[in-house]
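The values are calculated or read from the model by the stated rules, or taken from the named source; none is laboratory data. None of the values given here were measured: they were computed from a predicted structure. Positions of Cβ are backbone-derived with ideal geometry, glycine not excepted, and every protein chain shown enters the neighbour counts.
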Amino acid sequence: MINEMMKKDIKKLLRPNIAALTPYSTARDEFQGSAEVYLDANESAYDNGFNRYPDPRQKVLKKAIAQAENIKEECLFLGNGSDEAIDVLLRVFCNPGVDNVVSISPSYGMYEVATATNDVELRKVRLREDFSLDAEALLAAVDEKTKIVFLCSPNNPSGNLLNEEDILRIAQAMDGIVVVDEAYIHYSDHPGFADRIESQNNIVVLRTLSKARAMAGLRVGMAIADPEIVEVMSMVKYPYNLSQATINEALRHLDTPSLTRTKEEISTTIKERARMAESLPELACVKKVYPSDANFLLVKVDNADALYDYLASKGIIVRNRNRVPGCEGTLRITIGRPEENDRVLEEIRNYAGEVLND
Ligand code: PMP
């Protein structure tokens, strides 16, 4: 009964033009089965491995990803990176020039770009100074035109997980969609929100093969959501949004040896994160290292621009977050391989030495 009460009316949330949409029907959508002669899609008949269109429903890849993420296939939408899922969600739910979206700040920059390109107002609610979520402040920014709330946990660029109870409270309190972007979840010890979508159908979880699964170059991301939401998102995406080459390669990198290898890489990254978090504060120019559940550290330093330039001059590129409100004086440093992390420490030590001797 409680579950029923928490169910939101997804149909009511859709843009009217999307609710009325007849999706493009591909040749392969219309014919389900196997044939010997395919003359339905105006493809070249001459086989070179890529002469046929890929499966628009991405059945085989979905099966492999569903297994890796321990979720149901019908709850899975696949996109050209999770960036595509962000854009498709906006196009499905938000009337341009009318509806609004609420996000936390600081957070992932794409929420801003994607809302701006879709002509949707973005209301940014500042996290507290320690980057924890202020659920009351966030809900105060929500009104009847708020179709989506973007939360990011672990958050980019701060690195911290958001409080689980706060996320659930927001999802229960509002009628719109609550997106929990879990791009970095595999580096945390939190199970994530994928198993909450059944009881709380307005939660949409975003994950990606770009981070811990080590496939950023392939461009595969996902939304994990109630099948009703997945169905509408699939209607709106380009029919062949994942190429056959992408599907083949992603499958190859999701086999058992690859999954075992990435598991080891994740555990090395977590150990290295702890080592960096311990070592960095010992360096003279480092003021603070924020706690992280992701594969990067947000580091407050004496002069972020100067240290950024110094590291760049030594061939080490980090992310300068000095101009991001709430992140003044910080650099975001990805955790690399152990020898790369050693180099970062060594160069920051050299920099601190040079500054002290100035
Ligand atoms: N969400 C967050 C929080 C990210 O940091 C990123 C990439 N930096 C993405 C989503 C997008 O990832 P992709 O499109 O590669 O799946």
Name the residue, out of Lys124, Lys147, that is more than 16 Å from the ligand (Cβ to nearest atom) and within 19 Å of the chain's Cα centre (by Cα). Lys147
Just checking, which of Leu254, Leu297, Leu307, Leu280 is surrounded by 19 or more Cβ atoms within 10 Å (Cβ to Cβ), assigned to a loop (DSSP other than H, G, I, E, B) and either away from the ligand (no atom under 16 Å from the Cβ) or at pLDDT 95 or above (or both)? Leu254
Number of positions in the range 168-185 that are surrounded by 23 or more Cβ atoms within 10 Å (Cβ to Cβ) and either more than 14 Å from the ligand (Cβ to nearest atom) or not in a loop (DSSP other than H, G, I, E, B) (or both): 9
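Wholly within the range 1-113, which helices (runs of 4 or more DSSP H) include no fewer than the required count, namely at least 3 residues that are within 29 Å of the chain's Cα centre (by Cα) and within 25 Å of Leu161 (Cβ to Cβ)?
59-69, 82-93
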Does the range 51-63 include one or more residues that are surrounded by 20 or more Cβ atoms within 10 Å (Cβ to Cβ) and on the phi > 0 side of the Ramachandran plot? yes
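Within the range 206-222, track down each residue that is among the charged types (D, E, K, R) and not in a loop (DSSP other than H, G, I, E, B). If you could, list the steps in order and put the result at the bottom.
To start, the set of residues in the range 206-222 that are among the charged types (D, E, K, R) comprises 207, 211, 213, 219.
The answer is Arg207, and nothing else.
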Against the conditions (1) crowded, with 24+ Cβ neighbours inside 10 Å; (2) among the β-branched types (Val, Ile, Thr); (3) more than 13 Å from the chain's Cα centre (by Cα), where does Val220 fall short? Just the number, please. (3)
Any residue in the range 48-71 that's farther than 12 Å from Tyr240 by Cβ: show its pairings with residues that are not hydrophobic (A, V, I, L, M, F, W, C) at Cβ separation under 7 Å, as long as the two are six or more apart or on different chains. Asn51/Glu43; Asn51/Ser44; Lys62/Glu73; Lys63/Glu73; Ala66/Lys72; Ala66/Glu73; Glu69/Arg207
Would you be able to say whether some residue in the range 312-326 is surrounded by 15 or more Cβ atoms within 10 Å (Cβ to Cβ), in contact (Cβ under 8 Å) with a residue 40 or more places away in the chain and of a type in the set (Lys, Arg)? yes
Look at Gly192 and say whether it is free of Cβ contacts under 8 Å to residues at least 60 places away in the same chain, within 14 Å of the ligand (Cβ to nearest atom) and at positive phi. yes
